[in-house]
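Visitor: Let me begin by handing over the structure; questions about it come next.
Since every read-out is calculated from the coordinates, none of them should be taken as a lab result. The shown structure was predicted, so the numbers you read here are calculated from the model rather than taken from an experiment. Note: ideal-geometry Cβ built from the backbone for every residue, glycine included; neighbour counts use all protein chains shown.
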Amino acid sequence: MVGFITRGRGVTIHKADCVNVLRGEAERRVQVAWADGDTGTGFCVSIKIVAYDHTNLLIELATIIGDANVPIKTVNTELDEKNRIATFRFVLEVKSREQMDKLVKLLQRKTDVIDVFRVQG
């Protein structure tokens, strides 16, 4: 993982092999790492959750996320009404990669969840 100093948006976090970072100016790259322990600060990550739609699905997903002590910053939803498939994009504040991985596993255990994955950008 590598940080990239943007113009006007602070530092953005990318995979070390991200083409956007590799094409960018080398002097704007900085080393970054997940914080160890509870530092009280977090990192915003975007995830998509694809699931079979039903009443209270959003509430159930938000409860899983909240019970994992992960603040929800934003959520957007889309519904494929024909197939009854809901897609959620959450922006979450996680404290570590371990917390993120644990949350993804919790969400994947939900029987009506089809897929959970990180979204870049």
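Visitor: Just going by the charge dipole of the chain, with Lys and Arg at +1 and Asp and Glu at -1 on Cβ, which of Val91, Thr6, Asn56 is farthest out on the positive end?
Guide: Thr6
Visitor: Would you work out the charge dipole size for the range 58-121 about its Cα centre, treating the Cβ of every Lys and Arg as +1 and the Cβ of every Asp and Glu as -1, and quote it to the nearest 20 debye?
Guide: Once rounded to the nearest 20, the dipole reads 200 debye.
Visitor: Something else now. Once you put a point 7 Å from the Cα of Gln108 and another 7 Å from the Cα of Glu27, both along the Cβ direction, what distance in nm separates them?
Guide: Distance between the two pseudo-spin positions: 4.3 nm.
Visitor: Let me ask something else about it. Restrict the search to the range 39-121; then list the GluC sites (Glu not before Pro) that DSSP places in a loop and that have at most 13 other Cβ atoms within 10 Å of their Cβ.
Guide: Counting only loop positions with at most 13 other Cβ atoms within 10 Å, the GluC sites (Glu not before Pro) in the range 39-121 are Glu81.
Visitor: Angle check, please: helix 97-109 long axis (alpha carbons) against the longest principal axis of the chain (alpha carbons), in degrees 0 to 90, nearest 10.
Guide: On a 0 to 90 degree scale, this one is about 20.
Visitor: So, one more: Which far-off residues, 5 or more places away or on another chain, put their amide H under 5 Å from the one on Asp53, with H placed in the peptide plane?
Guide: Counting only residues 5 or more places away or on other chains, the set is Ile85, Ala86.
Visitor: How compact and how long is the chain, expressed as Rg and Dmax of its alpha-carbon atoms in Å?
Guide: Just the Cα atoms of the chain yield Rg and Dmax of 16.2, 50 Å.
Visitor: Determine the dipole magnitude for the chain: charges of +1 sit on the beta-carbon of Lys and Arg, -1 on that of Asp and Glu, nothing else is charged, the reference point is the Cα centre, and the result goes in debye to the nearest 20.
Guide: With Lys and Arg at +1 and Asp and Glu at -1, about 340 debye.
Visitor: In sequence order, what are the phi-derived ³J(HN,Hα) couplings for the range 87-92 according to the Karplus relation 6.51 cos²θ - 1.76 cosθ + 1.60 with θ = phi - 60°, rounded to whole Hz, with x for glycine and proline?
Guide: Couplings: 10, 10, 10, 9, 9, 10 Hz.
Visitor: Hey, what angle do you get for helix 57-67 against the long axis of the chain, alpha-carbon based, 0 to 90 degrees rounded to 10?
Guide: Value to nearest ten degrees: 50.
Visitor: Count charges around Ile85 for me, please; just the other residues with Cβ under 11 Å from its Cβ, Lys/Arg as +1, Asp/Glu as -1.
Guide: Residues near Ile85 contribute -4 overall.
Visitor: Continuing with this model, one more query. Using a Gaussian network model of the chain whose springs link C-alpha atoms within less than 10 Å, name the residue from Ala26, Ala62, Ala16 with the highest mean-square fluctuation.
Guide: Most flexible of the set in this elastic network: Ala26.
Visitor: Continuing with this model, one more query. Give the calculated FRET efficiency between Asn56 and Glu93 to the nearest 0.05, with a Förster radius of 35 Å applied to their Cβ-Cβ distance.
Guide: 0.90
Visitor: Where does each of 42-52, 64-74 land if you order them by average Cβ count within 10 Å, highest first?
Guide: Listed from highest to lowest mean packing, they are 42-52, 64-74.
Visitor: With unit charges on the beta carbons (Lys and Arg positive, Asp and Glu negative) and the dipole taken about the Cα centre of the range 43-119, which residue among Val113, Ile65, Phe43 sits farthest to the positive side?
Guide: Projecting each Cα onto the dipole axis, the largest value belongs to Phe43.
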